[in-house]
Each structure stands twice: as C-alpha cells, then as structure tokens.
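**Q** The structure that follows is given in the form of structure tokens.
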Amino acid sequence: EGGADCSEKHKISRDSVVLGRILGEGFFGEVHKGVYKSPTGERINVAIKTCKDFSADVKEKFLSEAGLMKNLDHPHIVRLIGVIEVDPVWIVMELYEHGELGNYLVEQQYMLTNSTLILYCVQICKALAYLEGLSMVHRDIAVRNVLVASPDCVKLGDFGLSRYIDEQEYYKASVSRLPIKWMAPESINFRRFTSASDVWMFGVCVWEVFSQAQQPFFWLENGQVIIQLESGVRLPKPQHCPPNVYSLLTRCWAYEPATRPSFSHLACSLNDIYRTELEQEKDT
Ligand code: ADP
C-alpha cells in the first residue's frame, strides 16, 4: 500500500540540486557532495550517488537501494532525500561530513573514549533492531558502511545488499561479491542470510570499532576463515575492548543461529554497558 505515493514523495527535480565536488567512488559511479533546495526553500547538504552505466538492468539495481531506503526512518540510518529517475539517474542522501566510520576511527583513534566507541555500537545496534522489526536483513554490516554525522552520532548506510526476507524467512544470495570475513558460517556455507546472520556481522563490526578498523581475520585468507570458524576459533578480544562487550560478541558468534541474541536484546545490554562506562569515565 502507498507504494506509488511513496515514490512520488521522493521524486525530486534536478533543478533543486547543485552538484559539488567528488566525495568518493561508489560501486555504480562517483559520489558527489552537493546542496539540495527543498520545496520549502530549506538548503540541505547532500551526497549524490551517480550511475555511470545507463543500461536498464544496471539502473534498476542502482535504484533498488534507494527503493529500500524510501521506507526507512530512523535516527541512526542514512536518510534518503530523493531520487532523480530520468537519465542521468541520481540518488540524493543527507550528507554526513565526517565520512566513513572506518576512516574516522583511524584518524581520531587517540581522541575517542571507550564510552564513545560503545555509543557508536549502541546506535548501530538500534538501527539494526529497527530493521529486524521490519524483517529486513542488511547483509553488509561493517565500519566501511557506517557514516559519521557528528562526533556522537553515526548512521548505518549502504543498503546495496539489503533485502526483505520472504516467507521462507531467509534470503538466499545469488551473487558472490560477499564480505566473507564478516559473514556467519551459515552465510558462507549455504548463502543463508537472516537477522541472526546480521547479528553475527554486527559482532564483527563491533570488533572493528575496538580494533581501529583493522580487517577482521587479516591474518587469514578468505578460504581459511570457514575452516577456522568450524573448528571453534573466533576473533580475539581487541586490547581496548571491555570484557563485558567481548562477552556479548562471543554470544553473537554462536555457531547455531537460533542461540544468538536478538538486536533488541543486544541494544539493551549495550546501552547498560554504555551508561556504566560513562559513569566510570566521569569518576576518573
Ligand atoms: P557504493 O555503496 O555505491 O559503493 P558508497 O556508499 O561506498 O558507494 O560511497 C562511496 C563514497 O562516498 C564513500 O567513500 C562514502 O564515504 C561516500 N559517501 C556515500 N554516502 C555518503 C553520505 N551520505 N555522506 C557522506 N559521504 C558519503
């Protein structure tokens, strides 16, 4: 219901967008900085994704990410401003000036307190709890796909691999451009993706947050990862990761998907840890 209204709502005119400098290279084409003038005259800084391939099937894939984002509204999810559906097609999103969390963690590593790092994890977890409630799997949870809006606010982005899960309750992936080192065993073995496999990936993303965005399992080849996981090996505790956070991660990495905690449960636990950490930092 409301499908048509929804896409009308997000259709914007090219005249309302001023294209600025290039921010980076996306999978489909350049991503530019720019300014969007809303119908009420408000000027909003935006990121504009472009698509260099004009063939119908590529454009459809490119626009599918925006199609999913249209229905999302959460303080810790990248906000879609609008879509220009005539050539050249553009996806216009809110701009997050500090860029990718992965790079930000490296640049700011000595400035970031443990409570701030836990706060980022709480925020990503709340975004994922929201998706879990919508029966949506993200499938690509990693610090490279989280953007920093301000020093105390991050936003989950990159819905390029996201899917609504159908009645069979999982999405069977057909493509093989998959992030093996972040993936749950059942995703690697059977390309099975559920909210529980997202929980596993979230655990790996938290590990990245506390490891200054080092690559998980950087010491292994992709092909070795599943062998290690099957034999019970897991990512080690990063030096500065609080033990109670690491203990949650080991539960996210339970081999059996059904025994992993839900995102709503994790959000509560992480929020408690955040508040305790904040109190301790105040006292010292
Ligand atoms: P794709 O998912 O199509 O490969 P990305 O999302 O990785 O594209 O975007 C490419 C680059 O543009 C990245 O370096 C990313 O940091 C930047 N970028 C994308 N969206 C935004 C945004 N909303 N605000 C700021 N930078 C962004």
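The values are calculated or read from the model by the stated rules, or taken from the named source; none is laboratory data. All figures in this text were calculated on a predicted structure; none of them were measured in a lab. Using ideal geometry, Cβ is built from the backbone for each residue, glycine included, and neighbour counts are taken over all protein chains shown.
**Q** For the stretch 14-49: of the residues being away from the ligand (no atom under 12 Å from the Cβ) and acidic (D, E), which is nearest to the chain's Cα centre (by Cα)?
**A** Looking at residues that are away from the ligand (no atom under 12 Å from the Cβ) and acidic (D, E), I get E42.
**Q** What is the number of the single condition among (1) modelled with pLDDT of 95 or more; (2) among the basic types (K, R); (3) closer than 22 Å to I188 by Cβ that K155 does not meet?
**A** All conditions pass for K155, except number (3).
**Q** I've got another one for you. Hey, can you tell me all the residues within the stretch 95-116 that are under 23 Å from R275 (Cβ atoms) and within 16 Å of the ligand (Cβ to nearest atom)?
**A** Answer for the stretch 95-116, where residues must be under 23 Å from R275 (Cβ atoms) and within 16 Å of the ligand (Cβ to nearest atom): L101, L105, Q108.
**Q** Among the residues of the stretch 79-87, is any in contact with a strand residue (DSSP E or B) (Cβ under 6 Å, 6 or more places away or on another chain), touching a residue at least 12 places away in the same chain (Cβ under 8 Å) and away from the ligand (no atom under 15 Å from the Cβ)?
**A** Scanning the stretch 79-87 turns up at least one residue that is in contact with a strand residue (DSSP E or B) (Cβ under 6 Å, 6 or more places away or on another chain), touching a residue at least 12 places away in the same chain (Cβ under 8 Å) and away from the ligand (no atom under 15 Å from the Cβ).
**Q** So which residues in the stretch 176-194 are over 15 Å from G232 (Cα atoms), part of a helix (DSSP H, G or I) and touching a strand residue (DSSP E or B) at 6+ places or on another chain (Cβ under 6 Å)?
**A** S187
**Q** Here is a list of conditions, (1) within 16 Å of the chain's Cα centre (by Cα); (2) of a type outside the set (A, V, I, L, M, F, W, C); (3) within 13 Å of the ligand (Cβ to nearest atom), and P75 meets all of them except one; can you say which number that is?
**A** (3)
**Q** Restricting the first residue to the stretch 135-150 and requiring it to be within 9 Å of D198 (Cβ to Cβ) and among the charged types (D, E, K, R), which pairs with a second residue that is within 11 Å of the ligand (Cβ to nearest atom) and at pLDDT below 95 meet a Cβ separation below 6 Å and a spacing of at least six or different chains?
**A** R139/L161
Yes or no, residue by residue, for (1) part of a loop (DSSP other than H, G, I, E, B); (2) within 20 Å of G102 (Cα to Cα):
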{"position": "E208", "(1), (2)": "no, yes"}
{"position": "F218", "(1), (2)": "yes, yes"}
{"position": "Q228", "(1), (2)": "no, no"}
{"position": "P238", "(1), (2)": "yes, yes"}
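**Q** So which of L119, L95, L128 ends up being crowded, with 18+ Cβ neighbours inside 10 Å, among the aliphatic types (A, V, I, L, M) and more than 30 Å from E8 (Cβ to Cβ)? Steps first, answer last, please.
**A** Details: L95 fails: more than 30 Å from E8 (Cβ to Cβ); L128 fails: more than 30 Å from E8 (Cβ to Cβ).
Unique residue meeting the criteria: L119.
**Q** Quick check on D166: is it at pLDDT below 95 and closer than 20 Å to P216 by Cα? Write out each step before concluding.
**A** Numbers: at pLDDT below 95: yes; closer than 20 Å to P216 by Cα: no.
No: the conditions fail for D166.
**Q** Still on this structure: If the requirement is being over 14 Å from C121 (Cα atoms) and not acidic (D, E), which of these qualifies: P242, P238?
**A** Answer to the check: P238.
**Q** Can you find even one residue in the stretch 138-145 that is surrounded by 16 or more Cβ atoms within 10 Å (Cβ to Cβ) and away from the ligand (no atom under 14 Å from the Cβ)? Break it down into steps so the answer makes sense when it comes.
**A** Here is the first cut: in the stretch 138-145, the residues surrounded by 16 or more Cβ atoms within 10 Å (Cβ to Cβ) are 138-145.
Adding the requirement that they be away from the ligand (no atom under 14 Å from the Cβ) leaves none.
No; the residues of the stretch 138-145 include none that is surrounded by 16 or more Cβ atoms within 10 Å (Cβ to Cβ) and away from the ligand (no atom under 14 Å from the Cβ).
**Q** Check off (1) among the hydroxyl-bearing types (S, T, Y); (2) in contact with a Leu (Cβ under 7 Å, 6 or more places away or on another chain); (3) closer than 20 Å to W200 by Cβ for Y130 and give me the number that stays unchecked.
**A** Every condition holds for Y130 apart from (2).
**Q** Is there a residue in the stretch 30-45 that is hydrophobic (A, V, I, L, M, F, W, C), in contact (Cβ under 8 Å) with a residue 40 or more places away in the chain and outside any loop (DSSP other than H, G, I, E, B)? Spell out how you get there, then give the answer.
**A** To start, the set of residues in the stretch 30-45 that are hydrophobic (A, V, I, L, M, F, W, C) comprises 31, 35, 44.
Those left that are additionally in contact (Cβ under 8 Å) with a residue 40 or more places away in the chain: 44.
Subset that is outside any loop (DSSP other than H, G, I, E, B): 44.
Among the residues of the stretch 30-45, at least one is hydrophobic (A, V, I, L, M, F, W, C), in contact (Cβ under 8 Å) with a residue 40 or more places away in the chain and outside any loop (DSSP other than H, G, I, E, B), which makes the answer yes.
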